[in-house]
Each structure stands twice: as structure tokens, then as C-alpha cells.
Amino acid sequence: MSSGVEADIVLDAAVVLTLGMNRVLGRGGDAAGRGAQALAALAAGRAEAREAALAEVRTHERALREVVERNARIAALAETRAKLGADVALPPPLRPGEESAQELTAWCAATDRLLDEAERRLSEHLAAQVTAQVFTAPAEGLRADTGRTPPPRRGDDAQRTLERIMARLLPDAAEAERRAVAEAARLLAAVGTAEEAEGVLHEVRLRIREANRRTEDARELARRRAAEREAAEQAEAERRYVLDSITAAFEDMGYEVQPGFETLTAGDGSVVLTKGAWPDHSVRMRVDGAARVEAAMVRERPAESEDDRRVDVEREREWCAAFEAARARLADGGIRSEVSWRVDPGVRELPVGGASRQTGGRSGQRERRRERPT
């Protein structure tokens with residue numbers, strides 16, 4: 001902004017955690033009440049009560065995230081089950097409601113056991129599928145692959161050994177990985193000696209190890225992407241909370257708050273504050289994420305007289321007082337702010353609105369030297 005004030009913002013932990021929980025729940029619910037208790041204790045200055053409430057919020061938030069992780073694993077295993085055509089039971093996902101943190105944690109522990117068992121059974125199902133294909137391969141196909149007539153099928157021991165090794169393959173391995181393992185396993189049907197069989201099984205083990213490594217890498221990539229989406233959604237929730245709180249604070253003090261028209265996106269954090277008694281003045285405000293707020297008073301037309309400049313100073317003083325009052329209100333809502341720079345009323349002439357739009361950011365270094373540090 002070309003003149004005015006800039007303040008750094010820090011959200012209270014209760015706000016951050018509550019916003020996260022509300023997103024997980026998809027509604028306000030009990031999570032909002034828990035966060036409100038922590039904020040109320042903060043506003044009342046009850047440090048011990050606040051810490052107790054905040055600890056409860058943290059515990060509940062962690063438990064909710066654990067539930068989200070289990071739900072994601074249930075969905076992934078259900079997809080794998082469908083691809084394999086396996087008849088394997090899976091626990092239903094949990095849609096958190098009014099459960100306590102202890103109840104959520106207990107559900108996660110019980111679900112982990114069920115999911116581990118389901119994953120083991122899916123791996124066994126996949127192993128049985130591939131093994132059956134190996135030992136029932138058409139003779140003509142084997143002749144084409146090996147150039148010689150296949151020997152009689154090996155006994156049950158070879159089949160059981162292969163199936164035991166194949167059970168190590170993670171069930172959600174990609175199709176290409178499963179195919180590579182199966183191609184190595186099919187060679188077992190054409191071997192003639194125990195040494196040849198062991199060589200094939202060794203190759204199968206190596207391919208399973210590589211397939212599992214790639215599968216674990218894919219799982220980790222999916223987790224990272226989910227974490228990135230989570231961080232982006234949390235940042236947007238915090239930005240919206242700050243913007244909505246600022247809007248409500250100034251509306252309560254009699255200001256009209258409208259979306260900013262400096263950019264094409266009305267929801268980007270830019271707003272314009274006006275008052276009925278301000279025919280020639282407005283305040284351009286921008287909320288930069290949830291980390292900074294910048295504001296500047298501007299004129300709608302150039303000042304033409306000393307009387308205009310006197311009114312400018314009065315409006316600036318009124319705005320400065322309103323900004324400090326808004327900061328106090330925001331602090332009660334868990335939004336702390338510290339002014340990093342500002343221009344005192346009357347230090348320089350107010351810019352006209354059009355010029356303000358052209359600057360789009362802080363003043364230059366020469367103007368900064370004239371600003372009073374806080």
C-alpha cells in the first residue's frame with residue numbers, strides 16, 4: 001500500500017486446530033465448541049483453563065487425523081480388492097461425530113488390526129491367482145515361450161513355495177509390477193531341475209522386492225501429495241477466517257466492507273472499507289494469506305484546499321483509532337497482530353484511489369525513511 005499501516009498476524013493455536021478439525025468433520029460440531037472454550041479462556045486471561053482446553057483440542061485433532069488416515073487406507077484397500085476380485089472383508093470407514101478422542105483412538109487401534117489382516121488376505125489372494133496361472137499354463141503357450149516341450153508339472157512343494165513367496169507381494173502393487181513378477185514366476189512351470197527351480201524362485205524374490213519398493217515409494221508420494229493438499233486447504237481456511245473476522249469487526253463498527261476491485265478475483269483478500277460519512281475517503285485493505293494485513297486510506301478525488309487536507313487528517317485519525325479497536329476485537333477471536341510499520345496522520349498527502357491501485361504493494365525505500373517505526 002502507498003500509505004497506512006501493515007501488521008503481521010499470528011493465529012492462536014486454538015484457532016488453527018479448530019479450523020483443522022472443522023475441515024475434517026466437514027461441519028462445526030463438537031470441534032468448534034472445544035476451540036471456543038480455549039479461546040474464551042484466552043480472552044478471560046485464565047491461563048490454566050486455556051492450556052487445559054488447548055490440550056484437549058490438540059488431542060482431539062490428532063485423533064481425528066488418525067481417523068482420516070485409516071479411512072484413506074480403507075478406501076485404498078477397497079480399490080485393490082475390486083481390482084483383484086477378492087472376497088475380503090473390510091471395516092466400514094468412520095464418519096467422526098461426537099466421539100471423544102479416546103473413542104477415536106480405540107477405533108483406530110481396532111481398525112489397524114482389521115486392515116492388516118485384510119491386506120494379508122489380499123496378498124494371499126493375489127499369490128494364489130498368480131500361482132494358479134503358472135501351474136495351469138497351456139502347454140502350447142509354454143512351447144512358444146521356451147521352444148521345447150514342457151516337462152511334467154512339478155509337485156505341490158514347488159507350488160506351495162511359490163505361493164508363499166508370492167504372498168510377500170504387496171496387494172496394491174501396480175499392474176506393471178505384478179506383471180513383471182508373474183512373468184518370472186511362469187518360468188517355474190518349465191524348469192527341469194531343482195537348481196533351475198531355485199534360480200527362478202530367486203528371481204521372483206528379487207522382482208517382488210523391487211515391486212514392493214516401488215509400491216512403498218508410490219504410497220509415500222501419495223502421502224506427500226495428501227499432506228500438500230492438507231496444507232493448502234488449511235492455509236485457505238486460515239486466510240478465510242482472518243478475512244471474515246476482519247470483515248465482521250469493521251462491519252460491527254459501522255463500516256461497509258466490499259470485495260476489492262484492484263484484482264479480477266473478488267475473494268483474493270482485497271477489500272474496500274467505506275462509511276456513509278466518508279464521501280471522499282475509503283480504506284483499501286489486503287489480507288496476505290493469514291500472515292499479514294496491509295491497509296491504506298485513499299481519496300476518491302484529489303484534495304483541492306487546505307480544508308480538504310484538514311478533513312484528510314481527521315479521517316486518518318478516525319481510521320487509526322478504528323484499526324486499533326479492530327485489533328483488540330480480533331485478539332479476542334484468536335488473531336493477534338503486531339504493527340510492523342505505519343504512517344501517522346498528516347505525515348503526507350493521501351493518494352487518490354487510482355494511484356493506489358497502481359502501486360499494489362508497500363511504498364518504496366525513500367518513502368519508508370519518512371515512516372515512523374513502531
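Observations on the structure shown:
- Residue-level analysis places S363 among those that are of a type in the set (S, T, Y), open to solvent by less than 20 Å² (accessible area, probe 1.4 Å) and at pLDDT below 80.
- Qualifying residue in region 230-252 (condition: open to solvent by 30 Å² or more (accessible area, probe 1.4 Å), without any contact (Cβ under 8 Å) to a residue 12 or more places away in the chain and closer than 30 Å to R120 by Cα): yes
- Close pairs from region 278-299: first without any contact (Cβ under 8 Å) to a residue 24 or more places away in the chain, partner part of a strand (DSSP E or B), Cβ under 9 Å, at least 6 apart: D288/I9; D288/E294
- Apart from one condition, F261 fits all of (1) open to solvent by 50 Å² or more (accessible area, probe 1.4 Å); (2) at pLDDT 85 or above; (3) among the aromatic types (F, W, Y); the exception is (2).
- Test: E220 is under 31 Å from the mean Cα position of the chain (by Cα), over 28 Å from L84 (Cα atoms) and either among the β-branched types (V, I, T) or open to solvent by 60 Å² or more (accessible area, probe 1.4 Å) (or both): no
- Selection count where residues are surrounded by fewer than 18 Cβ atoms within 10 Å (Cβ to Cβ) and either over 38 Å from the mean Cα position of the chain (by Cα) or over 12 Å from V130 (Cα atoms) (or both), scope region 161-183: 7
- Counting residues in region 205-213 that are farther than 30 Å from R160 by Cβ, within 32 Å of the chain's Cα centre (by Cα) and surrounded by 13 or more Cβ atoms within 10 Å (Cβ to Cβ) gives zero.
- Every condition in (1) open to solvent by less than 80 Å² (accessible area, probe 1.4 Å); (2) out of contact with any helix residue (DSSP H, G or I) (no Cβ under 7 Å at 6 or more places or on another chain) is met by E198 except one, and the failing one is (1).
- One residue stands out among those in region 121-136 that are polar (S, T, N, Q) and in a helix (DSSP H, G or I): the one that is surrounded by the most Cβ atoms within 10 Å (Cβ to Cβ), which is T131.
- Scan of region 53-76 for residues that are under 19 Å from D172 (Cβ atoms) and either basic (K, R) or touching a strand residue (DSSP E or B) at 6+ places or on another chain (Cβ under 9 Å) (or both), ordered by number: R70, R73
- Annotation note: of A78, A86, the sole residue that is closer than 30 Å to R160 by Cβ and not in a helix (DSSP H, G or I) is A86.
- Hey, V191 farther than 20 Å from E124 by Cα and buried (at least 19 other Cβ atoms within 10 Å of the Cβ) or not: yes
The values are calculated or read from the model by the stated rules, or taken from the named source; none is laboratory data. These numbers were taken from a predicted model, which means no experiment stands behind them. Please note: Cβ atoms are built from the backbone with ideal geometry, for glycine as well, and neighbour counts cover all protein chains shown. We work out accessible area using only protein heavy atoms, side chains counted, and drop any ligands, DNA or RNA first. Shrake-Rupley method; radii C 1.70, N 1.55, O 1.52, S 1.80 Å.
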